[in-house]
Amino acid sequence: MDRRPLYMQIADRLALDIASGRYAVGTVLPREPDLAQQLQVSRSTLRAALAALERRKQVSRRKNAGTRVEAAQPQQGYGANLASLPDLVQWAQECARVVQGSCPVVLDADLAQELGCAPGSRWLLVQSLRFDEPQGATPVSWTDAYIDERHAAVLPAVKQQPSVLMSELLERHFGVELATVEQEVQGWKLGKAHAAALQARAGGAALKVLRRYLTPDGAPALVTVSIHPAERFSIKTTLTRT
């Protein structure tokens with residue numbers, strides 16, 4: 001069963017039609033109402049799929065001119081290169097989150113130390129995969145997100161808005177100010193469970209990225225631990241001499 005949002009599945013279906021020559025480079029796709037009917041989806045789902053193809057630079061869309069096929073294959077690179085918070089927001093918009101499960105947790109001493117939180121504190125654990133649209137069904141990351149239990153009611157929004165950062169959803173729904181993010185990056189080796197979920201080789205190189213989203217008083221309201229196969233992700237840092 002395909003776990004990705006419907007619009008991503010439709011985008012991949014159209015990409016296959018383009019690659020096969022059904023819709024040749026230089027031609028215009030059928031009108032949106034006709035194409036939506038052919039694919040048996042709503043026009044909003046179709047528009048989201050076309051937007052995904054546009055981000056891959058396979059199509060271009062202009063008002064009153066329709067959707068033109070520009071390339072037979074995606075023109076966007078694989079993975080992500082993050083250098084700032086705006087980059088992180090952009091990455092979230094392009095890589096859809098698919099929740100795998102959730103449960104309440106109480107942090108033991110070891111996990112509390114890793115996350116930088118108080119032992120015995122209560123959190124909602126949300127586990128999810130993210131998918132890079134140009135690569136279709138290949139996951140980019142596995143994330144364990146720990147949300148302060150006081151804000152656990154954000155879970156439906158997390159599931160319904162897969163392209164919005166959890167930190168942004170917390171700000172929207174609870175007025176939580178999360179202006180500071182602490183980030184730690186470690187080299188990592190993929191265990192069997194993560195490798196299976198990420199469709200990668202067990203024992204392969206990976207990056208483990210821990211982010212603490214802090215309120216103005218320095219308390220974490222959200223902590224995420226993401227595992228990325230090394231070849232699918234990078235983080236760029238610029239150091240300036242003073």
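The values are calculated or read from the model by the stated rules, or taken from the named source; none is laboratory data. Quick caveat: nothing in here was measured; it's all calculated off a predicted structure. In this analysis, Cβ positions are derived from the backbone assuming ideal geometry, glycine residues included, and neighbour counts consider all displayed protein chains. We work out accessible area using only protein heavy atoms, side chains counted, and drop any ligands, DNA or RNA first. Shrake-Rupley method; radii C 1.70, N 1.55, O 1.52, S 1.80 Å.
Net charge near Leu125, counting Lys/Arg +1 and Asp/Glu -1 over other residues with Cβ under 12 Å of its Cβ? Don't jump to the answer; show the numbers that get you there.
Values: positive: Arg122; negative: Asp144, Asp148, Glu149.
Surrounding charge for Leu125 is -2.
I'd like the accessible area for His173, computed on protein heavy atoms only with a 1.4 Å probe and all protein chains in place. Round to 10 Å², please.
100
Just reorder Trp123, Trp188 by solvent-accessible area, largest first, 1.4 Å probe, all chains present.
Working: Trp123 15, Trp188 100 Å².
Most to least solvent-accessible, the answer reads Trp188, Trp123.
Which value in nm describes the separation of the simple spin-label points at Arg172 and Gln37, placed 7 Å from the Cα toward the beta carbon?
3.3
Gln73 versus Val25, label points 7 Å from Cα toward the beta carbon: distance in nm?
Those two pseudo-labels are separated by 1.0 nm.
Could you please report the charge total around Gln160, scoring K, R as +1 and D, E as -1 over all other residues with beta-carbon less than 14 angstrom from its beta-carbon?
Details: positive: Arg97, Lys159, Arg172; negative: Glu168.
Here the charged neighbours net out to +2.
Which whole-Hz couplings ³J(HN,Hα) result when phi for each residue of segment 227-233 is put into the Karplus expression 6.51 cos²θ - 1.76 cosθ + 1.60, θ = phi - 60°, listed in order with x for Gly and Pro?
Karplus-based 3J(HN,Hα) across segment 227-233 equals 10, 10, x, 4, 7, 9, 7 Hz.
If R0 is 25 Å, what FRET efficiency do you get for Ala196 and Cys103 from their C-beta distance, rounded to 0.05? Each step should come with its number before you reach the end.
Values: r = 20 Å, r/R0 = 0.79.
It comes to 0.80.
Need one value: the accessible area of Lys236 in square angstrom, 1.4 angstrom probe, rounded to the nearest 10.
110
From the mean inverse distance of alpha carbon pairs (Kirkwood) and the Cα radius of gyration, derive Rg over Rh for the chain. Don't skip to the end; give the middle numbers.
On the way: Rg = 19.8 Å, Rh = 19.5 Å.
Across the chain, the Cα-based Rg/Rh ratio is 1.01.
Return one number: the angle in degrees, 0 to 90 and rounded to the nearest 10, between the long axis of the Cα atoms of helix 85-94 and the longest principal axis of the Cα atoms of the chain.
Taking the Cα atoms of the chain, the angle to 85-94 is about 50 degrees.
Please give, to one decimal in nm, the separation of the simple spin-label points placed at Arg13 and Glu184, each 7 Å out from Cα toward the Cβ.
Rounded to a tenth, the inter-label distance reads 4.5 nm.
Among residues other than Ala205 whose Cβ falls under 14 Å from its Cβ, what is the net charge (Lys/Arg +1, Asp/Glu -1)? All intermediate terms of the calculation are to be shown ahead of the outcome.
On the way: positive: Lys189, Arg201, Lys208, Arg232; negative: Glu231.
Its environment carries a net charge of +3.
Round to the nearest 10 and give me the degree value, 0 to 90, for the angle of helix 43-55's Cα axis relative to the longest principal axis of the chain.
So the helix axis and the longest Cα principal axis differ by about 80 degrees.
Can you give the convex hull volume per residue for the Cα atoms of segment 170-242, as a whole number of Å³? Kindly include the intermediate steps, with their values, before the conclusion.
Numbers: hull volume 10.3 nm³, N = 73.
Enclosed volume per residue, from the Cα hull, is 141 Å³.
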